[in-house]
Amino acid sequence: MFKLPPYPAPTGPVWKGMTLDEMRMRRTLVQARMEIQKFKMTSQIEGMKTRTPLFGGPNSMLSRFSGMFSFAEYAFFAIKVFKLLSPMFRRKK
């Protein structure tokens, strides 16, 4: 068996823990940081929504494209696509 020297005596002040007020202050500080991060995240998401012109908002590409055609033109395009794709789904004899 090894002969190890005893543990050294602790030097310096001994930490006695936190008081109840210190624990409350730390919890309040952590909750405040969480609320700040939530606010930052929501503001970043809103910024992304306004910068993404593809799907959202009245000036998006999707709304511009859908506003270009009337319902009759949409029906015409649907018939064309149906006629184009229908031979692919027919049964072979």
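The values are calculated or read from the model by the stated rules, or taken from the named source; none is laboratory data. Everything numeric in this text was worked out from a predicted model, so none of it was measured. Here the Cβ positions follow ideal geometry from the backbone for every residue, glycine too, while neighbour counts run over all protein chains shown. What goes into the accessible areas is simple: the full protein's heavy atoms, side chains included, and nothing from ligands, DNA or RNA. Shrake-Rupley method; radii C 1.70, N 1.55, O 1.52, S 1.80 Å.
Table for the structure above
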{"read-out": "Enumeration of residues in segment 15-54 that are open to solvent by 100 Å² or more (accessible area, probe 1.4 Å), modelled with pLDDT under 80 and in a loop (DSSP other than H, G, I, E, B)", "value": "TRP15"}
{"read-out": "Checklist (1) more than 22 Å from the chain's Cα centre (by Cα); (2) at pLDDT 75 or above; (3) surrounded by 10 or more Cβ atoms within 10 Å (Cβ to Cβ) applied to SER86, failing item", "value": "(3)"}
{"read-out": "GLY12 being at pLDDT 85 or above and either open to solvent by less than 100 Å² (accessible area, probe 1.4 Å) or not in a helix (DSSP H, G or I) (or both)", "value": "no"}
